[in-house]
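Below is one structure; the comments refer to it alone.
The values are calculated or read from the model by the stated rules, or taken from the named source; none is laboratory data. The structure presented is a predicted model; accordingly, all values stated were derived computationally and were not measured. Cβ placement follows ideal geometry from the backbone for every residue including glycine, while neighbour counts extend to all protein chains displayed.
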Amino acid sequence: METNNDPVSPFLANNTLRQVVHATLGGSRIRVYFSNKYSTGSTTINSAHIALCAGVSVANGAIDTATDTALTFNSGSSSVTIAAGAELYSDAVDFNVAPLSNLTVSIYFGTASSASVTGHPGSRTTYYLQSGNTVSAADMSSAAKAAHWYVISRIEVWRDDSYGCVVAIGDSITDGRTTSGNDNTNYRWTDVFAARLHADPATTKVGVINQGIGGNGLYNGIGPSALTRFDHDVIGQPGVRWAIIFEGVNDIGSGTSAASIISAYQQLITKAHNAGILIYGATITPFKGNGYYTTAHEAVRDAVNDWIRTSGQFDGVIDFDLALRDPADADQINPAYQFEWLHFNPAGYQAMGNAVDLDLFKKKADLNEDGIVNFVDFAILAGQWRQTPGIPSADIAPPEGDGAVDLEDLYLMAQEWL
């Protein structure tokens, strides 16, 4: 919640807010998670509808009216009041959504504060705020517009357990801060990554959840710190199997030591592993030319990145630093990619999304490569139990096996079961 990013006039109370969300997985049954977590007063939703955007464009909040669907709450009520600090689901509803598509959530509010509202300022997506009840309007061409999200937390697509999600927790780089004129184009590195996952038959069942907050840090900054919000924003997400940690540059900019940053990573690694989640570390990208840069801060970045790459404590490494740095000066971003010498232009975010190794998200336990993890794979593992790995190897512990077939491999196979 940031007071500088409150809704514009005519404000929320007794008016309709239409927001656009980009889905990474598709399905035929969904529900919406609404949040009043950081608000100081209750929020009443008089009516809420979901619909597909009209075509690929989100201009004027236009919807495909044939898909306009009312949401209900608490087993059939059209309205609900969310207490301060609370979150809740809509009822599940039959609704067809394709992977990588855009859909809208339209909320007609009753009582709602515009000065204390749970929201996300870095939506990179336009919202539409119009007087009265217009949840089913074909478009919102006369609405007030800005780029934020409010009250909606996520849209869940119901799939079987063969599907899973990766959560990317980060700061304004993950949030997609970039040059003006790029809103509503889904250019973030997580969007690029999600499209690549969908295009690969081996990872098409993997969805992406973006938990980037502009100005966020491991210990401090804007919004709850990564250490504070990890349980809610990562472990608490449905279907999560993997996490990517791309935090730390704001901590470096505020003077945090390498030892403290590494300590934070170790705490997050422990949390993830205790929850059965594979966790990958992303190296911190350069910032020479930005106000954060000093030789001392660069030394911290180098030390942290060296630890990410060599400590072996993460389950895998995503080397954004290597992919985005200037070949002529490793302390700065490639000029073709930079924005503010800290963030990236869309080409830079494309390079980031392309730098993620999709093999990190493929099922390693499908030992006989028949497209499913089943009793055959467990039999192969049993035949190699506490012995030298065979062919195909059941030593599947990340990142490249650990030389033994043991409980770690059994646990990972159980995670990928069917």
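Between 84, 51, the distinction of being assigned by TED's automatic domain parsing to the domain that holds residue 106 and not in a loop (DSSP other than H, G, I, E, B) belongs to 51 only.
Residues of region 271-298 being of a type outside the set (Lys, Arg), assigned to a helix (DSSP H, G or I) and touching a residue at least 24 places away in the same chain (Cβ under 8 Å), which ones?
If we filter region 271-298 for residues that are of a type outside the set (Lys, Arg), which is where we start, we get 272-287, 289-298.
Narrowing further to those that are assigned to a helix (DSSP H, G or I): 272-274, 295-298.
Scanning region 271-298 gives 272, 297, 298.
Have a look at 359, 306, 315, 366 and point out the one that is among the acidic types (Asp, Glu) and farther than 30 Å from residue 378 by Cβ. First the steps, then the outcome.
Working: 359 fails: farther than 30 Å from residue 378 by Cβ; 315 fails: farther than 30 Å from residue 378 by Cβ; 366 fails: farther than 30 Å from residue 378 by Cβ.
After applying the criteria, what remains is 306.
Condition check ((1) closer than 21 Å to residue 26 by Cα; (2) surrounded by fewer than 16 Cβ atoms within 10 Å (Cβ to Cβ); (3) outside the structural domain of residue 119 (by TED's automatic domain parsing)) across all residues:
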| residue | (1), (2), (3) |
| --- | --- |
| 189 | yes, no, yes |
| 210 | yes, no, yes |
| 241 | yes, no, yes |
| 251 | no, no, yes |
| 254 | no, yes, yes |
| 268 | no, no, yes |
| 272 | no, no, yes |
| 276 | no, yes, yes |
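Is it true that residue 210 is without any contact (Cβ under 8 Å) to a residue 60 or more places away in the chain, under 28 Å from residue 62 (Cα atoms) and in contact with a Lys or Arg (Cβ under 9 Å, 6 or more places away or on another chain)? Answer is yes for this residue. Does residue 118 satisfy the criteria of being in contact with a strand residue (DSSP E or B) (Cβ under 6 Å, 6 or more places away or on another chain), surrounded by fewer than 21 Cβ atoms within 10 Å (Cβ to Cβ), assigned by TED's automatic domain parsing to the domain that holds residue 35 and of a type in the set (Ser, Thr, Tyr)? No; evaluated as a whole, the condition is false for this residue.
Taking the condition closer than 19 Å to residue 54 by Cβ, more than 15 Å from the chain's Cα centre (by Cα), in a strand (DSSP E or B) and not aromatic (Phe, Trp, Tyr), does residue 106 pass? Spell out how you get there, then give the answer.
Numbers: closer than 19 Å to residue 54 by Cβ: yes; more than 15 Å from the chain's Cα centre (by Cα): yes; in a strand (DSSP E or B): yes; not aromatic (Phe, Trp, Tyr): yes.
Spelling it out, residue 106 is indeed closer than 19 Å to residue 54 by Cβ, more than 15 Å from the chain's Cα centre (by Cα), in a strand (DSSP E or B) and not aromatic (Phe, Trp, Tyr).
Here is a yes/no grid of residues against (1) buried (at least 17 other Cβ atoms within 10 Å of the Cβ); (2) under 21 Å from residue 238 (Cα atoms); (3) modelled with pLDDT under 95; (4) touching a helix residue (DSSP H, G or I) at 6+ places or on another chain (Cβ under 7 Å):
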position	(1), (2), (3), (4)
12	yes, no, no, no
18	yes, no, no, yes
23	yes, yes, no, no
55	no, no, yes, no
86	no, yes, no, no
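For region 181-206, filtered to residues that are assigned to a loop (DSSP other than H, G, I, E, B) and within 23 Å of residue 126 (Cβ to Cβ), the residue that is farthest from the chain's Cα centre (by Cα) is 181. From the list 106, 101, the one residue that fits, being under 20 Å from residue 36 (Cα atoms), at pLDDT 95 or above and among the hydroxyl-bearing types (Ser, Thr, Tyr), is 106. Here region 207-220 is the region considered, the condition is being more than 12 Å from the chain's Cα centre (by Cα) and either at pLDDT 95 or above or of a type in the set (Phe, Trp, Tyr) (or both), and the residue that is farthest from residue 187 (Cα to Cα) is 219.
Kindly indicate the residue of region 256-265 that is more than 21 Å from the chain's Cα centre (by Cα) and not in a loop (DSSP other than H, G, I, E, B) and also surrounded by the fewest Cβ atoms within 10 Å (Cβ to Cβ) among those meeting that condition. Please lay out each step first, then the result.
Of all residues in region 256-265, those more than 21 Å from the chain's Cα centre (by Cα) come to 256-263.
Okay, now just the ones that are also not in a loop (DSSP other than H, G, I, E, B), so 258-263.
On the way: 258: 19, 259: 12, 260: 16, 261: 25, 262: 18, 263: 15.
Within region 256-265, the match that is surrounded by the fewest Cβ atoms within 10 Å (Cβ to Cβ) is 259.
Only one entry in 57, 47 is under 24 Å from the mean Cα position of the chain (by Cα) and either under 19 Å from residue 129 (Cα atoms) or in contact (Cβ under 8 Å) with a residue 40 or more places away in the chain (or both), namely 57.
Does residue 328 satisfy the condition of being in the same structural domain as residue 291 (by TED's automatic domain parsing), surrounded by fewer than 17 Cβ atoms within 10 Å (Cβ to Cβ) and within 30 Å of residue 174 (Cβ to Cβ)? Spell out how you get there, then give the answer.
Working: in the same structural domain as residue 291 (by TED's automatic domain parsing): yes; surrounded by fewer than 17 Cβ atoms within 10 Å (Cβ to Cβ): yes; within 30 Å of residue 174 (Cβ to Cβ): yes.
For residue 328, the condition - in the same structural domain as residue 291 (by TED's automatic domain parsing), surrounded by fewer than 17 Cβ atoms within 10 Å (Cβ to Cβ) and within 30 Å of residue 174 (Cβ to Cβ) - is met.
Selection of region 210-248 for residues being of a type in the set (A, V, I, L, M, F, W, C) and within 23 Å of residue 301 (Cβ to Cβ) yields 213, 218, 222, 226, 227, 230, 243, 244, 245, 246.
So that you can scan it fast, the table gives a plain yes or no per residue for (1) of a type in the set (Gly, Ala, Ser); (2) loosely packed, with under 14 Cβ neighbours inside 10 Å; (3) closer than 30 Å to residue 200 by Cβ; (4) not assigned by TED's automatic domain parsing to the domain that holds residue 190:
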site	(1), (2), (3), (4)
42	yes, no, no, yes
46	no, no, no, yes
74	no, yes, no, yes
96	no, yes, yes, yes
99	no, no, yes, yes
106	yes, no, no, yes
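The residue of region 121-166 that is surrounded by the most Cβ atoms within 10 Å (Cβ to Cβ), among those that are acidic (Asp, Glu) and under 30 Å from residue 416 (Cα atoms), is 156.
Restricting the search to region 346-376, which residues are at negative phi, assigned to a loop (DSSP other than H, G, I, E, B) and surrounded by fewer than 18 Cβ atoms within 10 Å (Cβ to Cβ)? The answer is 357, 362, 368, 370, 372, 374.
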